[in-house]
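Engineer: After the C-alpha cells below, expect a handful of questions from me.
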Amino acid sequence: MTKTLAAPLESELIIKKSRFLGQIEAISSQQEGLLKVEALRKAHPEARHVCYCLLVAGQVRQSDDGEPSGTAALPMLRVLQHKQLDNVLATVVRYFGGIKLGAGGLVRAYSQAISEPLNQADLIEVKQQGELSLKLDYEFQSLLRHQVEQTDIELTLDYQQQIHALLRGEPEKLETLYLSLREATRGQVERLG
C-alpha cells in the first residue's frame with residue numbers, strides 16, 4: 001500500500017552556516033510538482049540551490065540543481081521510498097553559508113531536511129486513479145458539469161463537433177458517473193477507447 005501526506009510539512013536546518021529549507025507535500029501530477037518547484041525558485045531568488053524529488057504513480061523526477069551529482073535528490077528519494085510514499089514532492093532550498101560540507105555532509109543534510117518532518121507526518125492511502133473519455137452532444141454539457149461538481153473527479157473538455165470529455169478520478173467513481181450520465185441522457189453519451 002502506497003501512502004501520501006495528509007498535509008504539507010516543512011523543516012529548517014542550519015548546518016555550518018548553510019540554511020536548508022525542506023518541504024514535503026502531496027501532488028497529483030508531475031506538472032503540478034514542477035510548477036511548485038518553479039514557484040519556490042521565484043520565492044527564493046537568493047538561494048544557491050532548489051533541489052527536488054517528485055514521485056507520481058511510481059514515476060520519479062529529480063534534480064540536484066548544481067549540487068554534486070547524487071548528493072541531494074537521490075538521498076531525498078531514498079527517504080520517500082523508505083516511507084513508501086507516492087504522489088509526493090520533496091524540495092530543499094539551500095542558502096549557502098560559505099563553508100563546504102563535502103559529499104557526505106550534503107547527503108546527510110538533504111536526507112535530514114526531508115526525514116525529520118516525516119517522523120510526525122499524517123499519512124493517507126493513495127487511491128488508484130483512472131481515466132474515462134466520453135463524447136456527448138453540447139446540450140448535455142451543463143448536466144456533465146453539474147454531475148462532476150458533485151464529485152472529486154477532474155474534468156477536461158475539448159470542443160469539437162461534439163464535446164470530448166476527459167475525466168480523471170477513482171475508477172469506481174468514474175464508472176458510477178458514466179452510468180448516471182448514460183441514464184440521464186437516455187444512452188446518448190459515448191465512451192471512447
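Engineer: Could you work out how far helix 30-43 tilts from the main Cα principal axis of the chain, as a 0 to 90 degree angle to the nearest 10?
Structural biologist: Its long axis makes an angle of about 50 degrees.
Engineer: Nearest 0.05, what FRET efficiency do GLN141 and GLN120 give at R0 = 45 Å with Cβ-Cβ as r?
Structural biologist: 0.50
Engineer: Moving on to the next point. Around GLU172, what is the net charge, scoring Lys/Arg as +1 and Asp/Glu as -1 over all other residues with Cβ under 13 Å from its Cβ?
Structural biologist: For residues surrounding GLU172, the net value is -1.
Engineer: Still on this model: What do you get for the angle between helix 102-118 and the principal long axis of the chain? Use alpha-carbon atoms, 0 to 90 degrees, nearest ten.
Structural biologist: 50 degrees
Engineer: Taking the Cα-to-Cβ direction at ASP152 and at THR185 and moving 7 Å from each Cα, how far apart do the two end points lie in nm?
Structural biologist: Output for this residue pair reads 2.6 nm.
Engineer: Another one. Using a 1.4 Å probe on the protein heavy atoms, what percent of the accessible area of the range 1-126 belongs to carbon and sulfur?
Structural biologist: The C+S portion of the solvent-accessible surface of the range 1-126 is 48 percent.
Engineer: Counting pairs of alpha carbon atoms under 8 Å apart in space and at least six apart in sequence, what relative contact order in percent does the range 22-77 give?
Structural biologist: For the range 22-77, the relative contact order is 27 percent.
Engineer: Name the lysines eligible as straight-distance cross-link partners of LYS17: C-alpha to C-alpha under 23 Å, and not fewer than 8 places from it in the same chain.
Structural biologist: By straight Cα distance, LYS17 reaches LYS42, LYS100.
Engineer: Using modelled backbone amide H atoms (1.01 Å from N, in-plane), which distant-in-sequence or interchain residues come within less than 5 Å of ASP86's amide H?
Structural biologist: Correct list: LYS3, THR4.
Engineer: Pairs LYS3/LYS36; LYS36/LYS173; LYS83/LYS135; LYS3/LYS135; LYS36/LYS135: which are spaced more than 30 Å apart, C-alpha to C-alpha?
Structural biologist: Pairs exceeding 30 Å: LYS83/LYS135; LYS3/LYS135; LYS36/LYS135.
Engineer: Please give the contour-minus-distance gain from ALA7 to GLN62: 0.36 nm per residue of separation, less the Cα-Cα distance, rounded to one decimal in nm.
Structural biologist: Length difference between fully extended and current span is 17.7 nm.
Engineer: For a label point 7 Å from the Cα of ILE99 along Cα→C-beta, name the residues of the range 15-48 whose backbone N is under 15 Å from it.
Structural biologist: 15-20
Engineer: Just the number please: accessible area per residue for the chain, 1.4 Å probe, all protein chains included, in Å².
Structural biologist: In whole numbers, the chain has 56 Å² accessible per residue.
Engineer: Have a look at TYR110, VAL148, VAL56 and report the one farthest towards the positive end of the charge dipole of the range 18-172, computed about the Cα centre with Cβ charges (Lys/Arg +1, Asp/Glu -1).
Structural biologist: Checked the options; the winner is TYR110.
Engineer: Quick one: helix 171-184 against the long Cα principal axis of the chain, what's the angle to the nearest 10°, folded into 0 to 90?
Structural biologist: It is inclined by approximately 20 degrees.
Engineer: How do LEU181, LEU155 rank by accessible surface area computed with a 1.4 Å probe, from largest to smallest?
Structural biologist: The ranking, largest first, comes out as LEU155, LEU181.
The values are calculated or read from the model by the stated rules, or taken from the named source; none is laboratory data. Treat the numbers as computed from the prediction; the structure is a model and nothing was measured. Methodologically, a virtual Cβ is constructed for each residue, glycine included, from the backbone with ideal geometry; neighbour enumeration extends over all protein chains shown. Heads up: the accessible areas ignore ligands, DNA and RNA and are worked out on the full protein's heavy atoms, side chains in. Shrake-Rupley method; radii C 1.70, N 1.55, O 1.52, S 1.80 Å.
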